[in-house]
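Computed from the coordinates by the stated procedures, all read-outs in this text should not be read as laboratory data. This is a predicted model, so every value here is computed, not measured. Cβ coordinates were reconstructed from backbone atoms using ideal geometry, including for glycine residues, and neighbour counts include every protein chain displayed.
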Amino acid sequence: MRWDYGTIYKKIRKSKHISQEEVCQGYISRAHLSRIESNQVVPSFESMEHLLKQVGLDFEEFRYICHSYHHSDREEIILLAEDNNAYQSNDKLLELKNKSVAYLKKHPNDIPVLNILKRVEVILCLRESGPDEKVRTMATEAWNEIKNQDVWYHSDLKLIVVILFTLPLETVISICDEFIDRLNDYSDYTEILPTKYKLLSNLASIFLWNGLMEKCTSISYLLLDTAKKSKRYDFLGNAKVTLGICLTDKKLVDEGLQLLELTDEQTLLEACQSDVNRFFKE
């Protein structure tokens, strides 16, 4: 990665034919901008945010340009971890695990990548042997770290999604409201919608499978609302089926199954059909 941020910024500014005066706008002095562009000083976060805004870039794109129009190893790991399709293939998960392990050998204290590795290892163990003692131990260790935090953030919620099924039912019930409150704090943060959907879907499944229909119904309404905001037909189909089971609403169940069938979501369709066969009471 290139570290001469100022030189790169100057090249971008000049390529857009934007003057120093237009960039500064009284927020910083032209003399200070000149020192930044000649790499004499490192700008503060606030100054860099202003400078990038003035040339129509965000931090992500600027980092990408600084990496010679390639993602860094760390960014590749994070992008792969955020790709929902990666979790449908063990090969992709193994690739993510191997990349994380290799990266952490050079950067052992990178907490977000450590959390990604924890998630992947739990998922792979679950698929290999089910919720056995090894998986429960890994999940318990992860949960013990998270539960003692004052606040849960997006990366913590992603880890909770993975370990939720391994937690005791009484634990899930006792912290359910706390999950919902934290998700509400992120109500305007659209990037969290896939994680919110997965967490609510897992909660609904746990309550459904344990006969806690009132709790399942409450969560399913939130699940349906999240699915609509996500504009994902697979999310919407699953949410309709789950809520339809709770409300004994065959029309809603059929709508959900039809959506999954139309979008060729075969695995999810089979899982939803199994829930209908087990729990729907006409």
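Figures for the structure shown
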item: Which of Lys240, Lys16, Lys281 has the fewest Cβ neighbours within 10 Å, and the rest in rising order; result: Lys281, Lys16, Lys240
item: Using a Förster distance of 25 Å, the FRET efficiency for Lys251-Trp209 (Cβ separation, nearest 0.05); result: 0.60
item: Region 185-192 - phi-based ³J(HN,Hα) in whole Hz, Karplus 6.51/-1.76/1.60, Gly and Pro as x; result: 4, 9, 4, 9, 9, 5, 5, 8
item: Proxy reagent accessibility, fewest Cβ within 10 Å first, across Ser68, Ser201; result: Ser68, Ser201
item: Cβ-based net charge around Leu223, under 14 Å, with every Lys or Arg adding one and every Asp or Glu removing one; result: +4
item: Charge dipole magnitude, Cβ of K and R +1, D and E -1 - the chain, Cα centre, debye nearest 20; result: 780 debye
item: Kirkwood-based Rg to Rh ratio, region 168-282, C-alpha trace; result: 0.96
item: Rounded FRET efficiency, nearest 0.05, which uses the C-beta distance separating His50 from His17 and R0 of 22 Å; result: 0.70
item: Thr140/Ser72 FRET efficiency (R0 25 Å; Cβ-Cβ; nearest 0.05); result: 0.15
item: Nitroxide proxy distance, nm - points 7 Å out along Cα→Cβ at Ala271 and Asn109; result: 3.8 nm
item: Positive-pole candidate from Leu252, Ser220, Thr195, dipole of region 184-282, charges at beta carbon; result: Ser220
item: Label-point separation in nm, Glu261 to Glu282, each point 7 Å along Cα→Cβ; result: 1.5 nm
item: Within a Gaussian network of the chain (alpha carbon springs, distance under 10 Å), most fluctuating of Leu212, Leu260, Leu57; result: Leu57
item: Student exercise, region 72-148 dipole from Lys, Arg, Asp, Glu Cβ charges, in Debye to nearest 20; result: 160 debye
item: Rg/Rg_ref, region 5-66, where Rg_ref = 2.2 N^0.38 Å and atoms are Cα; result: 0.98
item: Point-charge dipole on Cβ atoms (K/R +1, D/E -1) for region 5-66, about Cα centre, debye to 20; result: 300 debye
item: Mean Cα-pair separation over length for region 72-148, i.e. relative contact order, pairs under 8 Å, 6 or more apart, %; result: 25 percent
item: On Cα atoms only, tilt of 154-163 relative to the major axis of the chain in degrees; result: 30 degrees
item: Options Ile116, Leu268, Ile173, ranked by Cα towards positive dipole end of the chain, top entry (Cβ charges); result: Ile116
item: Sequence of Lys196, Lys97, Lys134 once ranked by neighbouring C-beta atoms within 10 Å, starting from the fewest; result: Lys134, Lys97, Lys196
item: Unsatisfied cross-links (Cα-Cα over 18 Å) in the set Lys196/Lys228; Lys198/Lys229; Lys198/Lys228; Lys198/Lys251; Lys134/Lys198; result: Lys198/Lys251; Lys134/Lys198
item: Calculated Rg and Dmax of the chain using C-alpha coordinates, Å; result: 23.3, 76
item: Among Ser129, Ile160, Gln149 - extreme Cα towards positive end, dipole of region 116-198, charges at beta-carbon; result: Ser129
